[in-house]
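Report on one structure; see the data block that follows.
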Amino acid sequence: MSEQRKKTGRLQLLMLAAVFFGPALLAWLLYNPGGGTPPVGSTANGELITTVKLVPDANLQVPREQQNSPYPGRWTLVHVGDGACNEPCAISLYETRQVRQALGKDDQRVQRILFLLDDTPLNAAIVEQHPGLIVFPSDHLLASAFIAAIEPYSIQDVFLIDPLGNLIMRFTTDIGMKGMHKDLKKLLKISHIG
């Protein structure tokens, strides 16, 4: 008889647990049918770089605030590529140009930089299509310092530097213009710097 009571007690406990935990489990399964971890509150399209890195400036012996910085209090979209600027490079530059233009009156708060990986001069057509693009040759101190700062990330990505010179975000090639624009617009709206 006591064995029967134990079985009944266990069954009641399982049914009670199902009543309380069942809806939560069902909601989780409906929300995330793949079974992975559901997203945690981030609305960013790009990837936030959790270990924020200060990007070196040209003269590392002079305090940052006294430097003639290439990041003069602006948000900076950074590309790394070679002078030939093949199709992926050209597409990436086109997308960031369009994203910057789509910011409207805030476009002056954002600049674009291209660090070259080799000594091939930048394709003349690219120079013509991208007025305002700041280009640093491969032998410039900043180019090698930036490339070292972005490790272990891919040089094919677009990186975002805040107005204080911190490397804070990267946009992989699959993000697209809409995602990049959304993130930049949000940052510019809430930022009191740059």
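The values are calculated or read from the model by the stated rules, or taken from the named source; none is laboratory data. These numbers come from a predicted model, not from an experiment. FYI the Cβ positions are ideal-geometry reconstructions off the backbone, even for glycines, and counts take in every protein chain you see.
So D107 clears everything in (1) of a type outside the set (K, R); (2) in contact with a Lys or Arg (Cβ under 7 Å, 6 or more places away or on another chain); (3) in contact (Cβ under 8 Å) with a residue 40 or more places away in the chain except one condition, right? Which one? So D107 meets the others, but not (3).
Return the total of residues in region 136-164 being among the β-branched types (V, I, T) and touching a helix residue (DSSP H, G or I) at 6+ places or on another chain (Cβ under 8 Å). Number satisfying all stated conditions: 2.
Does L160 satisfy the criteria of being modelled with pLDDT of 90 or more and part of a loop (DSSP other than H, G, I, E, B)?
Details: modelled with pLDDT of 90 or more: yes; part of a loop (DSSP other than H, G, I, E, B): no.
In short, no.
Within region 79-117, the set of residues being more than 27 Å from K189 (Cβ to Cβ), of a type outside the set (A, V, I, L, M, F, W, C) and touching a strand residue (DSSP E or B) at 6+ places or on another chain (Cβ under 9 Å) comprises G81, D82, G83, P88.
Listed conditions (1) touching a strand residue (DSSP E or B) at 6+ places or on another chain (Cβ under 9 Å); (2) farther than 18 Å from N86 by Cβ are all met by T173, apart from (2).
Kindly state which helices (runs of 4 or more DSSP H) lie completely within region 65-150 and contain at least 2 residues that are under 21 Å from the mean Cα position of the chain (by Cα) and either surrounded by fewer than 17 Cβ atoms within 10 Å (Cβ to Cβ) or of a type in the set (D, E, K, R) (or both). It would help to see each step written out before you state the result.
Numbers: elements: 87-102, 124-129, 141-149.
Qualifying helices (runs of 4 or more DSSP H): 87-102, 141-149.
All conditions but one from (1) in contact (Cβ under 8 Å) with a residue 24 or more places away in the chain; (2) in contact with a Leu (Cβ under 9 Å, 6 or more places away or on another chain) apply to I175; the one that does not is (2).
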